[in-house]
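Quick notes on the structure that follows.
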Amino acid sequence: MAEENIIFVGKKPTMNYVLAVVTQFNNNGNKIIIKARGKTISKAVDVAEITRHKFIPDAKYEEIKLDTETLQGERGSSNVSSIEITLSR
């Protein structure tokens, strides 16, 4: 999958990511991956749900992956949850 079909969810407003997903679907994508870690997981779920219910009703959840990543920080290593939501149409 091309890197352009992956949306990394961060601190920006939710609708910015929804717009990015809708734009990718309209340009060339039949499959989009929404990725998030830690506290932004709930925002990634919101992005997927808003996209499906308001903008692209024929989009379906193809796959949802949950994982735990170990990150190195100033205070040593810590485990951070992550999610990958694959939408397709």
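The values are calculated or read from the model by the stated rules, or taken from the named source; none is laboratory data. Computed from a predicted model, the values in this text were never measured in an experiment. Neighbour counts run over all protein chains shown; Cβ positions are idealised from the backbone, glycine included. With ligands, DNA and RNA removed, areas are computed over all heavy atoms of the protein, side chains included. Shrake-Rupley method; radii C 1.70, N 1.55, O 1.52, S 1.80 Å.
Kirkwood radius for region 16-58, taken over all pairs of different Cα atoms as the inverse mean of 1/r, rounds to 10.6 Å. Of the GluC sites (Glu not before Pro) in the chain, the ones in a loop by DSSP (not H, G, I, E or B) with at most 15 other beta carbons within 10 Å are 74. Element breakdown for the chain at a 1.4 angstrom probe: carbon and sulfur atoms account for 49% of the accessible area. Region 1-35 and region 38-87 have their alpha-carbon centroids 12 Å apart. For the chain, the longest principal axis of the alpha carbon atoms and the long axis of helix 14-27 meet at an angle near 50°.
Each Lys and Arg Cβ is given +1 and each Asp and Glu Cβ -1; about its Cα centre, the chain then shows a dipole of about 260 debye.
With Cα atoms as the point set, the radius of gyration and Dmax of the chain evaluate to 13.6, 45 Å.
For region 1-86, trypsin sites (Lys or Arg not before Pro) are listed when DSSP marks them as loop and at most 14 other Cβ atoms sit within 10 Å of their Cβ; the list is 11, 75. Ordering 36, 24, 53 by the projection of their Cα atoms onto the charge dipole of the chain, which places +1 on the Cβ of Lys and Arg and -1 on the Cβ of Asp and Glu, puts 53 at the extreme positive end. Across the chain, the mean sequence separation of Cα contacts (distance under 8 Å, 6 or more residues apart), normalised by length, yields a relative contact order of 31 percent. Principal-axis analysis of the Cα atoms of the chain puts helix 41-50 at an angle of about 0° to the longest axis. Entry comment: accessible area of region 1-72 is 66 Å² per residue, from protein heavy atoms only and a probe of 1.4 Å.
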